[in-house]
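One structure is given below, encoded as structure tokens.
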Amino acid sequence: MDSRLEVGIVGAGPVGLALAKAISDAGHKVIGIATTDPNRIENVNSLLPGVRIGDVASVVSGVDLVIFAIPGKQIPVLVTGLVETKALMPGQLLVSTSPDFGYEVFAPAFSLGIVPMSLHPAIRFTGFSAIDRARLQESYIAVDAPKQVLPIVQTLAIELGGEPIHVPAEARANYAEAVSVASTFTNLIAAQAINLLNEAGIAKARNILSGIMRTSLEESLRNAVTEIDPADLLDGDVE
């Protein structure tokens, strides 16, 4: 991949900012970030001073690579508008970061000759740049693209610091569900355990639980646990 790609980022939430910083660290040039949120504008200026902040059309226009760090369901309508206003151009690399949608989310621009790709780091982003950057460098990154350009998005994942793993369209639904279940139920179980200790007046609940939750998760991942109903976990019925 050309080490001097000019990049536009759509979205300045935790994912967009983390990827903007990572891709800048990898030697590419972040030209602009699209956001209208005052707080996020402040975050962009703090993390990447000098990067242009504008609307989506101005940020995607003329760059080599556009990363859409927004919910995947918003992308088709947005891309349709960009095609109609001629903001996109043939040969541009378009990347979705949604776990729920593969590169097919860019279908409204296929006839234009864009290069569609999907890239989802399998981590929870915190919004704290240093933490997210460190986690990104230890992550697996789910990628997909048409066969002839799959090496491009795999290379991009490596440049971001992660290890690419191919998740094709037919596996996307299972992948997205697995990510959602792991994230949602981890939060619910942690919150329930913390509340129990807080109600008992036990100090440093999070510190106490961090060790047991970390080691329990590692043990569960190491061993092939049998399938259980997540509702049973919340009810405390599983021995």
Measuring from its Cα centre, the chain shows a charge dipole (+1 at each Lys and Arg Cβ, -1 at each Asp and Glu Cβ) which, in debye to the nearest 20, is 900 debye
Given the candidates Ala157, Thr80, Asn45, the one whose Cα lies deepest towards the positive end of the charge dipole of the chain, counting +1 at each Lys or Arg C-beta and -1 at each Asp or Glu C-beta, is Asn45
In Å³ per residue, the alpha-carbon convex hull of the range 55-172 encloses 106 Å³
Quick P(r) readout (the range 135-207; Cα-Cα; 10 Å bins; whole %) gives 18, 29, 24, 17, 10, 2
With +1 on the Cβ of every Lys and Arg and -1 on the Cβ of every Asp and Glu, the dipole magnitude of the range 131-233 about its Cα centre, in debye rounded to the nearest 20, is 360 debye
From the Cα centre of the range 160-185 to that of the range 88-153, the distance in Å is 12 Å
Here the Kirkwood hydrodynamic radius of the range 101-229, Cα-based and in Å, equals 17.4 Å
If one builds a Gaussian network model of the chain from Cα atoms under 10 Å apart, the most fluctuating residue listed among Ser61, Ser183, Ser139 is Ser183
Listed by chain and number, the lysines with an alpha carbon less than 16 angstrom from that of Lys21, same-chain partners under 8 positions apart left out, are Lys29
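What does the charge add up to near Val44, with Lys and Arg as +1, Asp and Glu as -1, over the other residues with Cβ less than 13 Å from its Cβ? All intermediate terms of the calculation are to be shown ahead of the outcome.
Working: positive: Lys21, Arg40, Arg52; negative: Asp37, Glu42.
So the surrounding residues net to +1.
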For Rg/Rh (Cα atoms, Kirkwood Rh) the list reads [x] 1.13; [y] 1.08; [z] 1.02; the calculated value is entry [z]
Distribution output for the range 20-92: share of Cα-Cα pairs per 10 Å bin in percent, first bin at 0, values 18, 51, 29, 2
Highest GNM mean-square fluctuation among Ile23, Ile123, Ile189, for the chain with Cα springs under 10 Å, belongs to Ile189
Computed for the range 1-117: size of charge dipole around the Cα centre, +1 on C-beta of each Lys and Arg, -1 on C-beta of each Asp and Glu, debye to nearest 20, value 120 debye
Comparing Lys86, Lys21, Lys29 in a Gaussian network model of the chain (Cα, 10 Å), the one with the largest mean-square fluctuation is Lys86
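Each reported figure results from applying straightforward, stated rules to the coordinates on display, with no laboratory input. Remember, it's a predicted structure, so these values are computed and weren't measured experimentally. When we count neighbours, we look across all protein chains shown, and the Cβ atoms used for this are built from the backbone with ideal geometry, even at glycine.
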